[in-house]
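For reference, the structure is listed below as structure tokens.
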């Protein structure tokens, strides 16, 4: 599943690396570690049933009563009656407080020979159990380690959680990285995971089972996606325009699938809900402190690049003069890699790319010009480029809401109010609630004050105050 922002195609030459990278890491861990855990869990079931269950089962009820874990006893007794060893082994076998109690007071309930056999079997069992992904990377209530707030999301307990986590990473996470940058995705993933871990520890009470799986982190990513695109449509599979709110029932469906198909416990369920509810925190924190609308200082004028620059530019312009547009375009594309903010190269490349306005490269070059640093020459080029792009581009993919608002502020400073009004209207018509709208409205108000237009200035000041 690939979901992208509206009017913002994926440039696969520079893909959203973080979303893809995390997805690959999760898949590799699942293939190389979790599939090995399947065999390890079967061996642990056999070992526990043969050597530890006959001794520990009779003693655990007393321990559960003393430690306040009586709520788990009915389900354990049901499993015992049906000879279902897995939940018993996971819970009693993983209760480190019970093991410590047995080592301290076990001789009071067993003969020396029985106690020796139990100790040997326990040491073997614990050594194998520590190799499980949930023990090594998960949040273990009995063995608290702060690092597991970051690692528990990386190991998926089953295929259902893996599929769900990958769906939200390669769908909503990819869209977040394209629209807001990798920092927003990173904050959503790890922030949601941390909140999910805290909620789990609070909800787990006296429980002994560790938390593993990326459900809480993935839920946070889905929540940030919903916060950013909540009033707009997003593009699915590169062509289908679907309202972003659709992601909410999809997330609820995966939550239900995890609960019924994977025996998701209440604390794990609440951890995922906690991750989802925390999404506004990461979205507003990122928007407030880390997202920047423009470069705060003017970029220095480009220095003379020397003979090599002039020679390459001469060859490119010469090819254009000879009507060899393919050669000229290729030379300019190679130059832009070395000089990404050179206005002359960008201007010439845009003139060539506009010969085929339906090509994605046309949108990419226009976007590069629109997002140049705040220099007078860059603003003038952005203005002339916008006027041509507005007429030629069929889908206007480069004019997403954030780019439009940046251009509004830039054109307002130039006094080009007609273009600023058109761009602001595009954003308002999308019914989006972007964090740059108040700044853009304030820039419009200041520009109208300079032009001695108090009514328009007041209108935009009201917009800045109410957004």
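The values are calculated or read from the model by the stated rules, or taken from the named source; none is laboratory data. For clarity, every value in this text was computed on a predicted model and none was experimentally measured. Because the Cβ atoms are built from the backbone with ideal geometry, glycine has one as well, and the counts that use them run over all protein chains shown.
Below are the figures for this structure:
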item: Positions within the range 163-181 being farther than 16 Å from residue 193 by Cβ and assigned to a helix (DSSP H, G or I), in sequence order; result: 163, 167, 170, 171, 174, 175, 177, 178, 179, 180
item: Output for the range 188-214, where each listed residue is modelled with pLDDT of 90 or more and either more than 20 Å from residue 145 (Cβ to Cβ) or part of a strand (DSSP E or B) (or both); result: 188
item: Matching entry among 386, 339 (being touching a residue at least 12 places away in the same chain (Cβ under 8 Å), within 32 Å of the chain's Cα centre (by Cα) and over 30 Å from residue 433 (Cα atoms)); result: 339
item: Helices (runs of 4 or more DSSP H) wholly inside the range 102-162 that include at least 3 residues being without any contact (Cβ under 8 Å) to a residue 60 or more places away in the chain; result: 112-129, 148-151
item: Residue 407, sole failed condition from (1) in the same structural domain as residue 438 (by TED's automatic domain parsing); (2) without any contact (Cβ under 8 Å) to a residue 12 or more places away in the chain; result: (2)
item: Residues that are under 30 Å from residue 430 (Cα atoms), out of contact with any helix residue (DSSP H, G or I) (no Cβ under 9 Å at 6 or more places or on another chain) and at pLDDT below 80, drawn from the range 241-270; result: 241, 242
item: Qualifying residue in the range 336-343 (condition: at pLDDT 85 or above and in a helix (DSSP H, G or I)); result: yes
item: Conditions (1) under 20 Å from residue 181 (Cα atoms); (2) assigned by TED's automatic domain parsing to the domain that holds residue 325: number failed by residue 361; result: (1)
item: Positions within the range 264-282 being surrounded by 18 or more Cβ atoms within 10 Å (Cβ to Cβ) and in a loop (DSSP other than H, G, I, E, B), in sequence order; result: 264, 278
item: Yes/no for residue 398 being assigned to a loop (DSSP other than H, G, I, E, B) and crowded, with 20+ Cβ neighbours inside 10 Å; result: yes
item: Sole residue being surrounded by fewer than 17 Cβ atoms within 10 Å (Cβ to Cβ) and out of contact with any strand residue (DSSP E or B) (no Cβ under 7 Å at 6 or more places or on another chain), chosen from 406, 425; result: 425
item: Residue within the range 55-70 that is farther than 23 Å from residue 204 by Cα, surrounded by 14 or more Cβ atoms within 10 Å (Cβ to Cβ), modelled with pLDDT under 85 and assigned by TED's automatic domain parsing to the domain that holds residue 140 present; result: no
item: Selected residue [in contact with a helix residue (DSSP H, G or I) (Cβ under 6 Å, 6 or more places away or on another chain) and buried (at least 19 other Cβ atoms within 10 Å of the Cβ)] from 173, 94, 183; result: 173
item: For residue 355: the one exception among (1) under 41 Å from the mean Cα position of the chain (by Cα); (2) assigned to a helix (DSSP H, G or I); (3) at pLDDT below 85; result: (2)
item: Residue satisfying condition, being within 27 Å of residue 326 (Cα to Cα) and over 30 Å from the mean Cα position of the chain (by Cα), within set 392, 399, 372, 414; result: 392
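To keep it simple, each residue is scored yes or no on (1) over 30 Å from residue 194 (Cβ atoms); (2) exposed (fewer than 13 other Cβ atoms within 10 Å of the Cβ); (3) within 40 Å of the chain's Cα centre (by Cα).
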{"site": "98", "(1), (2), (3)": "no, no, yes"}
{"site": "102", "(1), (2), (3)": "yes, no, no"}
{"site": "111", "(1), (2), (3)": "yes, yes, no"}
{"site": "114", "(1), (2), (3)": "yes, no, no"}
{"site": "117", "(1), (2), (3)": "yes, no, no"}
{"site": "122", "(1), (2), (3)": "yes, no, no"}
{"site": "133", "(1), (2), (3)": "no, no, yes"}
